[in-house]
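Read the structure below first, then the notes.
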Amino acid sequence: DAGVHSKAWYAAVCDRKMAEDALYRSNKDGSFLVRKSSGQDSRQPYTLVVFYNRRVYNIPIRFIESTRQYALGREKSGEERFDSVAEIVENHQRTSLVLIDSQNNTKDSTKLKHIVRVS
(Lines give C-alpha, C1' and ligand atoms only; values in the text may rest on other atoms or scores of the structure.)
Protein backbone atom coordinates (compact mmCIF):
# COMPACT_ATOMS: atom_id res chain seq x y z
CA ASP A 1 0.00 0.00 0.00
CA ALA A 2 1.33 3.40 -0.98
CA GLY A 3 0.03 5.02 2.20
CA VAL A 4 -2.32 7.37 0.37
CA HIS A 5 -5.85 6.39 1.32
CA SER A 6 -6.08 8.12 4.69
CA LYS A 7 -4.34 11.29 3.52
CA ALA A 8 -6.06 14.66 3.11
CA TRP A 9 -4.14 15.29 -0.12
CA TYR A 10 -5.31 12.09 -1.81
CA ALA A 11 -8.21 12.61 -4.21
CA ALA A 12 -9.60 9.11 -4.58
CA VAL A 13 -12.24 9.81 -7.22
CA CYS A 14 -10.70 12.45 -9.40
CA ASP A 15 -9.61 12.59 -13.02
CA ARG A 16 -7.03 14.88 -14.58
CA LYS A 17 -9.52 17.59 -15.50
CA MET A 18 -11.13 17.67 -12.04
CA ALA A 19 -7.69 17.89 -10.43
CA GLU A 20 -6.54 20.69 -12.73
CA ASP A 21 -9.79 22.65 -12.24
CA ALA A 22 -9.47 22.37 -8.45
CA LEU A 23 -5.88 23.61 -8.55
CA TYR A 24 -6.68 26.53 -10.87
CA ARG A 25 -9.45 27.52 -8.44
CA SER A 26 -7.01 27.42 -5.52
CA ASN A 27 -4.65 29.69 -7.48
CA LYS A 28 -1.89 29.38 -4.85
CA ASP A 29 1.69 28.41 -5.67
CA GLY A 30 2.50 25.10 -4.06
CA SER A 31 -1.09 23.84 -4.08
CA PHE A 32 -1.18 20.11 -4.72
CA LEU A 33 -3.01 16.83 -4.58
CA VAL A 34 -2.34 13.21 -5.51
CA ARG A 35 -4.74 11.37 -7.81
CA LYS A 36 -4.88 7.97 -9.42
CA SER A 37 -3.16 8.00 -12.82
CA SER A 38 -5.43 7.93 -15.84
CA GLY A 39 -3.68 4.99 -17.44
CA GLN A 40 -4.31 2.49 -14.63
CA ASP A 41 -0.78 1.20 -15.13
CA SER A 42 0.67 -0.64 -12.14
CA ARG A 43 4.08 0.90 -12.89
CA GLN A 44 2.63 4.41 -12.66
CA PRO A 45 -0.23 4.18 -10.20
CA TYR A 46 -0.51 7.83 -9.13
CA THR A 47 0.03 11.37 -10.33
CA LEU A 48 1.19 14.30 -8.22
CA VAL A 49 -0.63 17.42 -9.43
CA VAL A 50 1.03 20.74 -8.50
CA PHE A 51 0.07 24.36 -9.15
CA TYR A 52 2.85 26.90 -9.63
CA ASN A 53 3.13 30.23 -11.47
CA ARG A 54 -0.40 29.97 -12.96
CA ARG A 55 0.33 26.48 -14.35
CA VAL A 56 -0.65 22.97 -13.38
CA TYR A 57 1.96 20.21 -13.52
CA ASN A 58 0.98 16.53 -13.65
CA ILE A 59 3.96 14.55 -12.37
CA PRO A 60 3.78 10.77 -12.68
CA ILE A 61 4.54 8.74 -9.57
CA ARG A 62 6.26 5.53 -10.63
CA PHE A 63 6.24 2.25 -8.73
CA ILE A 64 9.57 0.45 -8.97
CA GLU A 65 8.77 -3.25 -8.84
CA SER A 66 12.32 -4.44 -8.07
CA THR A 67 12.69 -2.35 -4.90
CA ARG A 68 8.96 -1.88 -4.07
CA GLN A 69 9.58 1.88 -3.96
CA TYR A 70 8.17 5.02 -5.57
CA ALA A 71 9.81 7.79 -7.59
CA LEU A 72 8.67 10.92 -9.42
CA GLY A 73 8.72 11.56 -13.16
CA ARG A 74 10.71 9.66 -15.76
CA GLU A 75 13.39 7.28 -14.64
CA LYS A 76 16.77 8.96 -14.24
CA SER A 77 20.09 8.00 -12.72
CA GLY A 78 20.53 8.95 -9.08
CA GLU A 79 16.83 9.63 -8.63
CA GLU A 80 15.30 9.83 -5.17
CA ARG A 81 13.27 6.78 -4.23
CA PHE A 82 10.72 6.53 -1.45
CA ASP A 83 9.02 3.69 0.41
CA SER A 84 5.59 5.26 0.04
CA VAL A 85 3.77 8.04 -1.78
CA ALA A 86 3.25 9.69 1.61
CA GLU A 87 7.05 9.91 1.99
CA ILE A 88 7.30 11.70 -1.36
CA VAL A 89 4.74 14.28 -0.23
CA GLU A 90 6.34 14.73 3.21
CA ASN A 91 9.78 15.13 1.63
CA HIS A 92 8.59 17.80 -0.79
CA GLN A 93 6.77 19.69 1.93
CA ARG A 94 10.27 20.28 3.35
CA THR A 95 12.43 20.39 0.20
CA SER A 96 11.65 21.94 -3.15
CA LEU A 97 10.28 19.91 -6.01
CA VAL A 98 11.69 20.68 -9.46
CA LEU A 99 8.96 21.40 -12.00
CA ILE A 100 9.94 20.92 -15.62
CA ASP A 101 7.91 22.56 -18.34
CA SER A 102 8.55 20.34 -21.36
CA GLN A 103 6.91 22.78 -23.78
CA ASN A 104 9.03 25.81 -22.91
CA ASN A 105 11.93 23.77 -21.56
CA THR A 106 12.01 25.79 -18.34
CA LYS A 107 12.53 24.69 -14.76
CA ASP A 108 10.90 26.02 -11.64
CA SER A 109 10.72 24.69 -8.14
CA THR A 110 8.28 24.89 -5.26
CA LYS A 111 7.48 23.10 -2.05
CA LEU A 112 4.15 21.33 -1.59
CA LYS A 113 2.35 23.85 0.62
CA HIS A 114 -1.42 23.82 0.22
CA ILE A 115 -3.54 20.69 0.14
CA VAL A 116 -6.36 21.05 -2.37
CA ARG A 117 -9.56 19.10 -1.92
CA VAL A 118 -11.60 18.19 -4.96
CA SER A 119 -15.24 18.98 -4.37
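The values are calculated or read from the model by the stated rules, or taken from the named source; none is laboratory data. Computed from a predicted model, the values in this text were never measured in an experiment. All accessible areas refer to the heavy atoms of the entire protein, side chains included, with ligands and DNA or RNA removed. Shrake-Rupley method; radii C 1.70, N 1.55, O 1.52, S 1.80 Å.
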Subject >> Solvent-accessible area per residue, Å², over the chain with all protein chains present [probe radius 1.4 Å] >> reply: 59 Å²
Subject >> Solvent-accessible area, 1.4 Å probe, carbon plus sulfur percent, for the chain >> reply: 44 percent
Original post:
Which value, in Å² and to the nearest 10, is the accessible area of D83 when all protein chains are kept and the probe is 1.4 Å?
Top reply: 90 Å²
